[in-house]
Amino acid sequence: MLKVENLSTHIGNIQILHAINLEVHSGEIVSVIGANGAGKSTLLNTLAGLYKPSEGKVTLHGETISGFPSHHVVGKGLALVPEGRQIFSNLTVEENLRLGMYSKYFKEKESVKGNLEKVLEMFPGLKKHMHNLGGFLSGGEQQMLAIGRGLMSNPKIILLDEPSMGLAPMIVNEILENLKYIKEQLGTMVILVEQNVKAALRVADRVYVMDQGKIILNGTRDEISNNANVQSAYLGVK
Ligand code: ATP
């Protein structure tokens, strides 16, 4: 289980996250929704070690992972698929994937070859592009490459920052199916941050709602989908 306790983050002098409490249990997809600027990306980036929290702590299966740099955090089992995919356009698809395991914190026993095979089994469409440059892929394929790169480290939990951004509805469906596969077949916990609230609610087991750097509401998918405030603010229900 991932446990986030009382987590606060400052960027410069400005406090962006205010005492966040959040849990992800084994076998769960947890979605975090909220308006632009609510702090969702800052939360994921803090969990991934890109920002150092000013207060609070994060544990993964009981082991503290907060306060360490990102390459250390990934070695401890948490992978981030960042907003905007951030794949390397001038590297091949295979090189992009291999970068997912580029950290001295991986033990010898971690097999690059085995993990590559696992990722390609999940995204067979990437196979024919292995030696093509990442920049030549379509938006959907680039998103799959970014998720595949995250999975290369064999994480216990994977965090996805707006994977549906800019993608056609059919491709969004495919990505959501991939998330179910990650949960059910790989047994990996998932945190999904989405502006596309309908998509987020489709696959989530539980949902947290953020506003101005705070969690203002959380519950099961059904509780959040049926909440009148969520319906009017995010689902266009009058
Ligand atoms: P979006 O969906 O637009 O990405 P978000 O919920 O992910 O929104 P964040 O990107 O985490 O929100 O931003 C939260 C707040 O922190 C915003 O007010 C933003 O302006 C501020 N912020 C984020 N990153 C920085 C930074 N590097 N420097 C200064 N302020 C920042």
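The values are calculated or read from the model by the stated rules, or taken from the named source; none is laboratory data. The structure displayed is predicted, hence computed values, not measured ones. Using ideal geometry, Cβ is built from the backbone for each residue, glycine included, and neighbour counts are taken over all protein chains shown. Keep in mind that these areas ignore ligands, DNA and RNA; they rest on the heavy atoms of the full protein, side chains included. Shrake-Rupley method; radii C 1.70, N 1.55, O 1.52, S 1.80 Å.
Counting only DSSP beta bridges with both residues in the chain, what percent are antiparallel, rounded to the nearest 5? Don't skip to the answer; put the middle values down first.
Values: 21 of 39 bridges.
If I count the DSSP bridges inside the chain, around 55 percent turn out antiparallel.
Set the bar at 23 Å for Cα to Cα. Now go through Lys76/Lys113; Lys156/Lys198; Lys118/Lys198; Lys3/Lys76; Lys3/Lys183; Lys3/Lys198 and name every pair that lies beyond it. Let's see the in-between values first.
Working: Lys76/Lys113 20 Å; Lys156/Lys198 26 Å; Lys118/Lys198 29 Å; Lys3/Lys76 14 Å; Lys3/Lys183 18 Å; Lys3/Lys198 26 Å.
Over 23 Å apart, Cα to Cα: Lys156/Lys198; Lys118/Lys198; Lys3/Lys198.
Note: relative contact order over the stretch 1-40, using C-alpha pairs below 8 Å and six or more positions apart, is 36 percent.
Just to confirm, what accessible area per residue do you get for the stretch 105-238 at 1.4 Å probe, in whole Å²? Write out the running numbers ahead of the final one.
Numbers: 6660 Å² over 134 residues.
With all protein chains present, the stretch 105-238 gives 50 Å² per residue.
Amide H to amide H, with H built 1.01 Å from N, Leu217 comes under 5 Å of Val209, counting only residues 5 or more places away or on other chains. Per residue, the convex hull spanned by the alpha carbons of the stretch 107-238 comes to 136 Å³. Identify, among Thr188, Ser153, Asn227, the residue whose Cα sits farthest towards the positive end of the charge dipole of the stretch 141-238, taking +1 on the Cβ of Lys and Arg and -1 on the Cβ of Asp and Glu, with the dipole about the Cα centre. Of the options given, the answer is Asn227. Ranked by the mean number of other Cβ atoms within 10 Å of their residues, highest first, the peptides 187-198, 65-76 come out as 187-198, 65-76. The length gained by stretching the chain between Lys128 and Met165 to full extension, at 0.36 nm per residue less their Cα-Cα distance, is 10.9 nm. Rg and Dmax over the alpha-carbon atoms of the stretch 32-108 stand at 14.1, 42 Å. Phi-derived couplings, Karplus 6.51 cos²θ - 1.76 cosθ + 1.60 at θ = phi - 60°, listed residue by residue for the stretch 155-166: x, 7, 9, 10, 10, 10, 9, 6, x, 7, 4, x Hz, with x used for Gly and Pro.
With a cut-off of 8 Å between alpha carbons and a minimum separation of six or more residues, what is the relative contact order of the chain in percent?
27 percent
Per-residue ellipticity at 222 nm from helix content only, as computed over the chain with -39500 (n - 2.57) for each DSSP H run of at least four residues, stands at -9500 deg cm²/dmol. Length available on full extension from Glu174 to Arg98: 0.36 nm per residue minus the Cα-Cα distance, which gives 25.0 nm.
Taking 0.36 nm per residue of sequence separation and removing the Cα-Cα distance, the Val237/Phe136 pair yields an extension gain of 32.4 nm.
Is the C-alpha gyration tensor of the chain telling us rounded, prolate or oblate? Criteria: a/c under 1.5 is rounded; beyond that, a/b larger than b/c is prolate, otherwise oblate. It is oblate, given that a/c is not under 1.5 and a/b is not larger than b/c. Computed with the Debye formula from one identical point scatterer per Cα of the stretch 127-172, without solvent, the log10 of I(q)/I(0) at q = 0.25, 0.29 Å⁻¹ comes to -1.01, -1.13.
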